[in-house]
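One structure below.
The values are calculated or read from the model by the stated rules, or taken from the named source; none is laboratory data. Just so we're clear, the structure is a prediction, and the values are computed from it rather than from any experiment. Ideal geometry is used to build each Cβ from the backbone, glycine not excepted, and the neighbour counts take in all protein chains shown. SASA here: full protein model, heavy atoms, side chains in, ligands and nucleic acids out. Shrake-Rupley method; radii C 1.70, N 1.55, O 1.52, S 1.80 Å.
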Amino acid sequence: MTGAATSPFEGHVPVLRLGGVLLVTLQGDLYDSTAEQLQQDIGETAADSAVTGVVIDLSGVEIVDSFMGRVLSDVAAMTRLLAAQTVVAGMRPAVAITLVELGLTLPGLRTALNTEEALRLLGAEVAALPRAGRARGESP
Amino acid sequence: MPEQQVAEHETDPAEEVGAFLRRRREQIAQRWADAALFRTVYTVSRDDAVDAGRTVVEALAAVAVSGRVQDAEADGFTVVREQLARTAQARARAGATIAQISEEMDALRPPVTDLLLDELSESPAEHLRECTTALTVLMGTLRLVMLEATTIAGQELINRQRLELLEIATPVIKLWEGIVAVPLIGTLDSARSQVVMETLLDAVVEQHARIAILDITGVPTVDSLVAQHLMKTVAAARLMGAECIVSGIRPAIAQTIVHLGIDLSSVLTRASLADALAYALQQQGAHIVPNPASTVEPR
């Protein structure tokens, strides 16, 4: 049972929900299948629960290619459609240089130095949102 | 002994020269120790000069015996290459030009030739001529090896200095908590801008900097290539979550950028480092308030 269960989870990226924020920590290589699964997971979780932000932590990623760049901008575009902000956090210098050399400057993407900074960045917007939510809650 | 000499007359002139060098190495080393090249380098003790000379003679003998008098890559030379480079460097430091060093090298030849002529005075003229030629060629090759070693050593020095300069020329300064700046001085080429980018990004990680300032006051000209490097650096810093400001844009440079049609709209720019710092502090939520106790009149 465990043996059968571990193989589909190999390379599976967990999506953690912390209040209104989804935290995704990428580590090591990102394979095509894992990336697709991840996009699906983020999309479903963001749609199901009221998520205002997605933080993608890249501090454990040392090697990137154009595919990774596309995955990041796809996730950002997708979450924007679901009314959530995506923040990429903790990108290493080598990774940033590689992405720039590849011509992927990811213009639509928000970035932060680390996850804490990313949560603070989202928190500023979350703080603005609840007022609308409370107003909506108070009106009936 | 005479039999041996007769036997040697039959051998190859290069090998004979090799054997001669081995036999007379002490004498040659003693004579070379008085030559300008060794005398000026080994000033501390004459014995050192003799030792150095002996090593060179042995190397020459090994090369001659192997019959490769014309080959600067001969195995025998590898032993002395470093020593020759050091000697030449010492001379160069003392102000000698390459031509002078070469001349001093050439001055090593006559003492050896004299010895050879003495030793082979009994030999037939034909044989004598061949041996002298072999020796001359061998000394010429030694000269080539020395000059080559000198050039390589010089090249290595230049390369090392260039690397050092790259590192020295890109200091990252912490201006405030979370604000770092890189004052760029001199021409920005691809190699330098790569170093700038790397050091800046590393500093962003280390200092948890939210704002990085690239000051180009010291960059004499900005062309499309430099602008591209700047934009790359800015984009990379942004990917890491830091905001990047380019400051120190002089009016002439602003004009050039507009003339070249470079679109720097994606880059936040300020005229001076002070303006950039003021903006950065404002972003950080810090405000600079003049001290009322200060006697300096505000402008």
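Across segment A:16-38, what is the total count of residues that are open to solvent by 30 Å² or more (accessible area, probe 1.4 Å) and modelled with pLDDT of 90 or more?
2
Here are some residues: B:Ala61, B:Ala14, B:Ala19. Which one is closer than 15 Å to B:Val80 by Cα, of a type in the set (Gly, Ala, Ser) and not in a loop (DSSP other than H, G, I, E, B)?
Numbers: B:Ala14 fails: closer than 15 Å to B:Val80 by Cα; B:Ala19 fails: closer than 15 Å to B:Val80 by Cα.
Every option except B:Ala61 fails the conditions.
State yes or no: is A:Val55 modelled with pLDDT of 85 or more, surrounded by 18 or more Cβ atoms within 10 Å (Cβ to Cβ) and over 16 Å from B:Leu239 (Cβ atoms)? Even if it seems obvious, please write down each step before you answer.
Numbers: modelled with pLDDT of 85 or more: yes; surrounded by 18 or more Cβ atoms within 10 Å (Cβ to Cβ): yes; over 16 Å from B:Leu239 (Cβ atoms): no.
Spelling it out, it is not the case that A:Val55 is modelled with pLDDT of 85 or more, surrounded by 18 or more Cβ atoms within 10 Å (Cβ to Cβ) and over 16 Å from B:Leu239 (Cβ atoms).
Are any residues in segment B:163-186 part of a loop (DSSP other than H, G, I, E, B) and over 21 Å from A:Ile97 (Cβ atoms), and if so, which ones? So that I can check it myself, show each step before the final result.
Restricting attention to segment B:163-186, the residues satisfying the condition of being part of a loop (DSSP other than H, G, I, E, B) are B:169-172, B:177-178, B:186.
Matches in segment B:163-186: B:Glu177, B:Gly178, B:Gly186.
Collect the residues in segment B:272-297 that are away from chain A (no Cβ under 14 Å) and either open to solvent by less than 60 Å² (accessible area, probe 1.4 Å) or in contact with a Cys (Cβ under 8 Å, 6 or more places away or on another chain) (or both), keeping them in residue-number order.
B:Ser272, B:Ala276, B:Leu277, B:Ala278, B:Tyr279, B:Ala280, B:Leu281, B:Ala286, B:Ser294
For B:Gly95, only one of the following conditions fails: (1) at positive phi; (2) touching a Phe, Trp or Tyr at 6+ places or on another chain (Cβ under 8 Å). What is its number?
Just one mismatch for B:Gly95, condition (2).
Report the residue count in segment B:128-173 for those that are over 28 Å from B:Val80 (Cβ atoms), at pLDDT 85 or above and surrounded by 17 or more Cβ atoms within 10 Å (Cβ to Cβ).
Summing the residues that are over 28 Å from B:Val80 (Cβ atoms), at pLDDT 85 or above and surrounded by 17 or more Cβ atoms within 10 Å (Cβ to Cβ) in segment B:128-173 gives 1.
Within segment A:41-59, count every residue that is over 10 Å from the mean Cα position of the chain (by Cα) and either within 14 Å of chain B (Cβ to nearest Cβ) or in a loop (DSSP other than H, G, I, E, B) (or both).
The qualifying residues number 5.
Which members of segment B:97-149 meet the condition of being without any contact (Cβ under 8 Å) to a residue 12 or more places away in the chain and either assigned to a helix (DSSP H, G or I) or aromatic (Phe, Trp, Tyr) (or both)?
If the condition is that a residue be without any contact (Cβ under 8 Å) to a residue 12 or more places away in the chain and either assigned to a helix (DSSP H, G or I) or aromatic (Phe, Trp, Tyr) (or both), then B:Ala99, B:Gln100, B:Glu103, B:Pro110, B:Asp114, B:Asp118, B:Ala125, B:Glu126, B:Leu128, B:Arg129, B:Gly140 are the ones that fit.
What do you reckon, is A:Val95 touching a residue at least 40 places away in the same chain (Cβ under 8 Å), over 18 Å from A:Glu116 (Cβ atoms) and open to solvent by less than 10 Å² (accessible area, probe 1.4 Å)?
Against the criterion (touching a residue at least 40 places away in the same chain (Cβ under 8 Å), over 18 Å from A:Glu116 (Cβ atoms) and open to solvent by less than 10 Å² (accessible area, probe 1.4 Å)), A:Val95 does not qualify.
In this structure, is B:Ala237 of a type in the set (Gly, Ala, Ser), over 18 Å from B:Trp176 (Cβ atoms), within 39 Å of the chain's Cα centre (by Cα) and not in a loop (DSSP other than H, G, I, E, B)?
Answer is no for this residue.
Within segment B:194-227, which residues are open to solvent by 50 Å² or more (accessible area, probe 1.4 Å), within 14 Å of chain A (Cβ to nearest Cβ), touching a residue at least 24 places away in the same chain (Cβ under 8 Å) and not charged (D, E, K, R)?
Once the filter is applied, which keeps residues that are open to solvent by 50 Å² or more (accessible area, probe 1.4 Å), within 14 Å of chain A (Cβ to nearest Cβ), touching a residue at least 24 places away in the same chain (Cβ under 8 Å) and not charged (D, E, K, R), segment B:194-227 yields B:Val205, B:Gln207, B:His208.
Can we say A:Val75 is outside any loop (DSSP other than H, G, I, E, B), among the β-branched types (Val, Ile, Thr), open to solvent by less than 30 Å² (accessible area, probe 1.4 Å) and touching a residue at least 60 places away in the same chain (Cβ under 8 Å)?
Spelling it out, it is not the case that A:Val75 is outside any loop (DSSP other than H, G, I, E, B), among the β-branched types (Val, Ile, Thr), open to solvent by less than 30 Å² (accessible area, probe 1.4 Å) and touching a residue at least 60 places away in the same chain (Cβ under 8 Å).
Pick out the one residue from B:Asp71, B:Asp48 that is assigned by TED's automatic domain parsing to the domain that holds B:Cys131, in contact with a Phe, Trp or Tyr (Cβ under 6 Å, 6 or more places away or on another chain) and over 19 Å from B:Ala153 (Cα atoms). Lay out the reasoning, then the answer.
Values: B:Asp71 fails: in contact with a Phe, Trp or Tyr (Cβ under 6 Å, 6 or more places away or on another chain).
After applying the criteria, what remains is B:Asp48.
Please specify each residue of segment A:69-95 satisfying the condition of being more than 14 Å from chain B (Cβ to nearest Cβ) and of a type in the set (Lys, Arg).
A:Arg70, A:Arg80
Could you list, ordered by first residue, the pairs with Cβ atoms under 7 Å in which the first is in segment B:29-53 and of a type in the set (Asp, Glu) and the second is open to solvent by 20 Å² or more (accessible area, probe 1.4 Å), at least 6 apart or interchain?
Short answer, once both residue conditions are applied: B:Asp48/B:Tyr42.
Given the residues A:Leu38, A:Leu109, which is the only one that is under 24 Å from A:Leu18 (Cα atoms) and within 14 Å of chain B (Cβ to nearest Cβ)?
A:Leu109
Among the residues of segment B:255-271, are any assigned to a helix (DSSP H, G or I), within 14 Å of another protein chain (Cβ to nearest Cβ) and more than 39 Å from the chain's Cα centre (by Cα)?
Checked against the condition, which is being assigned to a helix (DSSP H, G or I), within 14 Å of another protein chain (Cβ to nearest Cβ) and more than 39 Å from the chain's Cα centre (by Cα), segment B:255-271 yields no hits at all.
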